[in-house]
Each structure stands twice: as structure tokens, then as C-alpha cells.
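Heads up: the structure comes next, in C-alpha cells.
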Amino acid sequence: QPLDFETKKAYTFKVEASNLHLDHRFHSVGPFKDTATVKINVLDMDEPPVFSKPMYTMEVYEDTPVGTIIGAVTAQDLDAGSSSVRYFMDWKNDVDSYFTIDATEGTIATNELLDRESTAQYNFSIIASKVSNPLLTSKVNVIINVLDVNEFPPEISVPYETSVCENAKPGQVIQTITAADKDLSPAGQRFSFKLSSEASNKPNFTVHDYRNNKAGIEARRNGYSRRQQELYFLPVVIEDSSYPVQSSTNTLTIRVCRCDSDGTIQSCNVEAIFLPVGLSTGALIAILLCIVILLVIVVLYVALRRQKKKDTLMTSKEDIRDNVIHYDDEGGGEEDTQAFDIGALRNPKVIEDNKIRRDIKPDTLRFTRHRPPAEDNTDIRDFINQRLQENDVDPSAPPYDSLATYAYEGNGSVAESLSSIDSLTTEADQDYDYLSDWGPRFKILADMFGEESYNPDKVT
């Protein structure tokens with residue numbers, strides 16, 4: 001059997017040993033057995049604390065203030081060297097947060113407001129551990145039942161459509177009502193029904209309590225007229241039997257209807273209000289039809305006004321919603337000369353001028369580039385290709401096809417053109433001294449056009 005040091009620390013007993021098979025020849029020598037005393041000492045082991053109960057059950061009323069102590073658990077260390085015990089909750093889910101436990105005393109208190117209608121019972125675990133050896137723990141289950149508090153008053157269970165015939169008799173039951181309570185009502189809960197104090201003086205209807213959680217609405221006079229009053233409002237007070245008592249006032253709407261002699265309802269609609277005045281069903285239909293026609297006319301008129309206003313806005317040039325841009329110019333006239341300058345075909349110097357175009361915005365200003373003089377024996381095709389490449393990369397060139405002229409006489413030379421077309425009016429106005437600086441090849445020209453007279457005999 002299990003041994004417990006705290007219950008009994010030592011056990012003493014005798015053990016006897018004997019031969020099972022004895023030889024009768026040696027029987028007189030006997031006895032052939034022996035005894036020994038055995039003493040067993042139980043050693044102490046460090047054991048976890050032990051709870052006083054295998055399970056704890058507690059009760060608490062709903063809406064109990066936070067921090068209220070509802071019970072306690074107790075655990076002890078039964079070892080010889082008794083150690084103090086610490087308590088804490090075994091957190092498994094959010095439900096455990098509704099309660100707290102004191103680590104030293106083991107008292108359990110509420111941490112949040114409890115609602116029986118939401119949760120009627122809580123089940124969690126408490127763990128106890130030794131301070132001297134926290135690894136030694138024991139666990140116990142705690143069940144907390146939430147007791148109901150009468151919070152909600154009883155009300156009529158379902159909305160009733162109550163009606164009474166014009167030919168009703170006193171004492172005739174026109175409706176049977178029941179009640180319901182949002183609280184978890186205990187067994188034997190009873191509801192009582194009665195008229196409110198302000199309605200008990202009006203002899204139109206009364207409430208008969210059947211004392212089985214039901215009540216009947218009864219008529220109290222002969223006949224009801226729809227022409228005088230179509231609707232009646234009956235306030236009914238319902239109370240419960242719990243503590244503290246809760247009650248509520250519920251208003252029933254009773255409609256007066258036309259019935260046959262057997263009490264079968266024939267009509268309860270709005271037509272009953274107009275019939276005594278003399279309006280027939282056909283007259284009512286005609287009135288409704290005229291109202292519909294007038295509504296249609298108003299809708300069409302508003303739609304046409306909106307459409308006309310929309311068209312006016314679309315034709316207005318000042319409407320900011322337009323994306324139409326008007327162009328009224330047919331051409332630049334005499335000022336539109338930057339695209340095709342005929343002078344460029346006659347005078348090669350024109351293409352050298354850096355004129356800023358007026359129809360586009362240039363990115364950067366172009367400065368006149370001084371081209372180096374062409375070397376001797378330069379191929380005409382290379383020169384033209386060079387000029388073509390310069391025009392292709394020129395940022396001020398027009399973005400359309402235009403005429404460009406190349407290889408004019410003297411273009412690219414320091415002496416410029418030697419043609420007499422662009423020469424000055426008289427040769428006397430010209431200065432040809434610079435020809436002497438061009439080298440031996442231009443010596444004859446320097447002698448011909450210089451200040452000294454030209455002598456052919458000196459030419460070698």
C-alpha cells in the first residue's frame with residue numbers, strides 16, 4: 001500500500017522461515033524454522049501541496065460589484081518541513097479574466113460584472129505551488145454559478161393586432177395575451193395583468209387575469225362606432241413574482257371593424273372612414289387616379305426644365321466644363337514668314353542668321369558657330385554631309401520639311417564669296433591688303449588688287 005511519512009514513519013514486524021518438507025527420521029532434532037524481526041523506516045519525500053477539497057463550488061449574484069470576494073480555496077504542505085503555498089489561476093481562455101485570486105490567502109473575487117443571461121456558470125482551475133519548490137504543484141477545479149437577479153420587467157410576448165366588432169357585447173373576449181421576461185425566470189414564475197390607473201376609469205375595455213400567465217381583453221359596453229372612433233389604446237400593466245418586483249406598461253392598439261352577425265370581420269381598412277361621408281369606391285379610385293396623373297405631369301415638367309438648362313450650358317462658350325477649343329485664324333498672313341523664307345534660296349548668309357521663331361518656343365538660344373575653313377582638296381560630298389548633319393541636330397530648325405541650300409561659292413572660307421553679285425558698288429571702297437596674309441598662293445591676287453599696280457612681268 002502507499003506509504004505516507006507524515007502518517008507513519010516506521011513499520012516493525014517478524015518474519016519466520018521454515019522447511020516445507022521434513023524428514024521424519026530427524027523429527028526429534030527439530031524444530032526446523034527460525035524467526036527474525038524486520039523494521040522499515042519510511043523516508044520523507046518533498047511532495048506538492050494538497051487541497052482541502054477535491055473540487056470547489058461557489059455562487060455569486062449577477063451584477064455583483066467588482067472586487068467582491070465570493071469564496072476561497074485552501075491547500076497545505078504536509079511535509080515535515082512545512083512550506084508556505086502560493087495560489088494562481090490556470091489561464092486557458094478569456095473567461096478566466098472574470099475572476100482573480102489572492103496569491104497568499106487563496107480568496108477568489110470578481111474582476112468584471114457578471115451577467116447570468118450571458119453566462120450562467122464559470123469553470124476554471126486553481127494551481128497551488130510550494131514556495132520552497134515551485135516545481136511541485138497541484139490543481140483543483142472551481143465551479144462558480146451565477147445567480148439570477150430580477151433586472152428586466154415582463155412584457156407582452158408578441159405584438160398583437162387586436163380588433164373589436166362594432167356589434168360587440170359586454171364581457172366578450174376580443175384578445176388573449178401572454179407575457180415574457182428577459183430574465184432566466186425560475187420555476188413557478190408568475191405574471192399578473194391589470195389595467196393602468198388612468199385607463200380603469202374608462203368603461204371601454206377591461207383586462208381579466210386568468211392567473212396562469214395569461215389574460216383576456218374584454219369589451220365593457222354595447223357596440224362601437226368607427227365613425228366616432230376607429231382606434232382605442234389600452235395600457236396594460238404586467239408584473240412578475242421575483243424579487244425585487246419588476247413591472248412594465250404595455251399599450252394595446254384596438255381597431256374597430258365591421259363584422260357580420262356571427263362576429264366575422266368584414267372590413268377594417270381606411271375605406272370605413274369615408275363611407276359615412278358618402279364617397280363610394282369608384283370615387284376614391286378616381287381621386288387616386290387624378291393624383292397620379294398630376295404627379296406624372298410634375299415629373300415630366302421638371303425633367304424638361306433640367307434638359308433645357310443642360311443644353312444651354314453645353315452651348316455656352318463660357319462653360320468651364322467644355323473641352324472645345326475654337327480656332328478662328330486661317331493663317332499667319334504676312335507675318336507667317338518664318339516657315340518658308342524665300343530669301344534663304346537667294347542669299348546663303350540668311351541661313352547663318354540665328355532668328356528666333358515666333359511659332360515655337362526654343363529650348364536654348366543658339367549661338368553662331370564659326371566653321372573652320374575647308375581644307376584643300378576637300379571632297380564636296382563630305383562637305384555637304386557635314387552641313388546636313390549640322391542642320392539635323394540644329395534645335396532651332398523648323399519641325400517640318402523646308403529647303404536648305406549647301407555649297408555656296410566661298411561659304412565657309414575666310415575670304416567669303418568672291419562673286420561680284422554681293423560685292424560693293426566700287427572696287428575703290430574695298431581693302432585687299434589682307435590677301436597678303438593668305439600665303440604664296442594668293443600673292444598674284446594681292447598684287448592684282450593691292451595698292452601697287454599690277455606688273456605681269458614680275459609674275460613668276
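The values are calculated or read from the model by the stated rules, or taken from the named source; none is laboratory data. Since the structure is predicted, the reported quantities are computational estimates derived from the model, not experimental observations. Quick note on the areas: whole protein, heavy atoms, side chains included, nothing else; ligands and nucleic acids left out. Shrake-Rupley method; radii C 1.70, N 1.55, O 1.52, S 1.80 Å.
What are the residues whose amide H is under 5 Å from the amide H of Phe191, where those residues sit 5 or more places off or on another chain and H is modelled from the backbone?
Correct list: Asn213.
In square angstrom, rounded to the nearest 10, how much accessible surface does Val29 have for a 1.4 Å probe?
Per-residue accessible area (Val29): approximately 100 Å².
Enumerate the amide H contacts of Leu114 below 5 Å, restricted to partners 5 or more residues apart or on another chain; note that Pro and chain-start residues carry no placed amide H.
When sequence neighbours closer than 5 places are left aside, the close amide H contacts are Asp63, Thr64.
Taking every pair of Cα atoms in the range 50-147, average 1/r, invert it to obtain the Kirkwood radius, and report Rg/Rh to two decimals.
Value, to two decimals: 1.00.
Could you sort Met448, Met45 by their accessible area in this structure, using a 1.4 Å probe and putting the largest first?
Result, largest first: Met45, Met448.
How much space per residue, in cubic angstrom, does the convex hull of the C-alpha atoms of the range 155-267 take up?
103 Å³
Sequence-distant or interchain residues sharing an amide H contact under 5 Å with Ile70, placed H: which?
For Ile70, whose amide H was placed from the backbone, the distant partners under 5 Å are Ile108, Ala109, Thr110.
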